[in-house]
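Written below as structure tokens is the structure these notes are about.
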Amino acid sequence: MKFSTQSNEAPLISEELLRSSIIFEDEDILVINKPGWFVCHPSKRGPWSSLVGAVRELLDLETLYLVGRLDRETSGVVLIAKNQVAGRKWQKALEAKQVKRTYLAILEGELIEEVKVEGHVGNDPNSKVFVKQRVTANSRTSKKAQTHFYPLYSAGGYTFVSVITKTGRKHQIRLHAQSIGYPLVGEKLYGHNESYYLNFCESGWNPLWLETLGMDRQALHARRFGYLDGEGKFEAEIPSDFKFFLENRMSFKWKTIKDLLKNANSWEDEQVYKD
């Protein structure tokens, strides 16, 4: 389903869309394929303006436990626990790095080999955007970050990649993609110019940007989440805007996607549990 991105406010979630986005549910957890543009945490626009708020309304539960949030524009697997016991279990597993998350992304430029980015990240004092991060030196306030990019398919000046992270820093994938010269398609903050982000916050999306940015959101999708080496793993279908870009900008033949994702799974499973 396509959402209007004209506004700088996140769209409201309908009950129909929320139900259709459910990947798995049992008495302890609800797993959702979050569409891009939906925020995870409650906002001032009411319960149906966020994923947690909408799920709270849907399940008629006062307290929920979000295990690993995604940025507003990032789509993919989100796990919400229905009770404290399940919430603690999954959160502890995530913190202990027993539970993993893998991503798909589309980058500007044609990446020809796997790239591992290691270093430190911290606040960007030169940016007008308070939340913006940058690659920086090791210091008292910086944090170590590590991201791996693995090219799956390149064409038309873009690359479809699998991504894993060894750390969970703010905006890590987006920042590291920019740092190696291959920013995410659709990136307003860590792309060509942060003025896109500032203008978007001020006035909403401008259709004229599409030719340059490629997509109206950052091309980042959290495809898999869970115990990737055992039971309790979940996978989110690739979103329609990814499919459209791959087919129309990169001449991708969708019949090859199964083999491509099988290749991604093999690489991800090998990498995520390495030290």
inquiry  = Could you tell me the calculated FRET efficiency between D26 and T212, based on Cβ-Cβ distance and R0 = 35 angstrom, to the nearest 0.05?
reply    = 0.20
ask   = Nearest 0.05, what FRET efficiency do E237 and S266 give at R0 = 22 Å with Cβ-Cβ as r?
value = 0.65
ask   = Summing Lys, Arg as +1 and Asp, Glu as -1, what charge do residues with Cβ under 11 Å from the Cβ of E237 carry, E237 excluded?
value = +1
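Going through the cross-link list K89/K255; K44/K132; K132/K255, which pairs have a Cα-Cα distance over 32 Å in this structure? Intermediate results must be reported in sequence, preceding the final value.
Details: K89/K255 38 Å; K44/K132 23 Å; K132/K255 38 Å.
Violating the 32 Å Cα-Cα cut-off are K89/K255; K132/K255.
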request  = Calculate one ³J(HN,Hα) per residue across the stretch 31-45 by plugging θ = phi - 60° into the Karplus curve 6.51 cos²θ - 1.76 cosθ + 1.60, and present them in order as whole Hz with x for glycine and proline.
outcome  = 10, 10, 8, 5, x, x, 5, 8, 7, 7, 8, x, 10, 6, 7
request  = Would you grab the residues whose amide H sits under 5 Å from the one on F24? Only those 5+ places off in sequence or on another chain, please, with H modelled 1.01 Å from N.
outcome  = V31
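The chain: D in µm²/s via Stokes-Einstein (Kirkwood Rh, Cα pairs, 10 °C, 1.306 mPa s)?
Details: Rh = 19.3 Å.
Rounded to a whole number, D works out at 82 µm²/s.
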key: the stretch 79-120 - convex hull of alpha carbons, volume per residue in Å³   = 129
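Full-extension gain between L59 and L12, please, as 0.36 nm times their residue separation minus the C-alpha to C-alpha distance. Kindly include the intermediate steps, with their values, before the conclusion.
Details: separation 47, 0.36 × 47 = 16.92 nm, distance 1.72 nm.
So the extension gain works out to 15.2 nm.
Rounded to the nearest 500 deg cm²/dmol, what is the calculated helix-only ellipticity per residue at 222 nm for the chain, with -39500 (n - 2.57) per DSSP H run of length n ≥ 4? Write down the numbers at each step before the final one.
On the way: 8 runs with 74 residues, N = 275.
Mean residue ellipticity at 222 nm (helix-derived): -7500 deg cm²/dmol.
How high is the relative contact order of the stretch 95-189? Use alpha-carbon pairs under 8 Å, at least six apart in sequence, and give a whole percent. Could you put the intermediate results ahead of the total?
Values: 177 pairs, mean separation 32.8, N = 95.
Value for the stretch 95-189: 34 percent.
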inquiry  = Below 22 Å, Cα to Cα, which lysines can K262 reach? Residues fewer than 8 away in the same chain don't count.
reply    = K100, K116, K166, K233, K243, K253, K274
task = Please list, in chain and number order, the residues 5+ apart from T74 or on another chain whose amide H is under 5 Å from its amide H, with Hs placed from the backbone.
result = W37
note = A correct Karplus calculation of ³J(HN,Hα) over the stretch 78-95, with 6.51 cos²θ - 1.76 cosθ + 1.60, θ = phi - 60°, whole Hz and x for Gly and Pro, returns 10, 10, 10, 8, 8, 9, 5, 4, 5, x, 5, 4, 6, 5, 5, 5, 5, 5
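Every read-out reported here was derived from the displayed coordinates using simple, explicitly stated rules and does not represent laboratory data. Keep in mind that this is a model prediction, so the values were computed, not measured. Every residue, glycine as well, gets a Cβ built from its backbone with ideal geometry; the counts of neighbours run over all protein chains shown.
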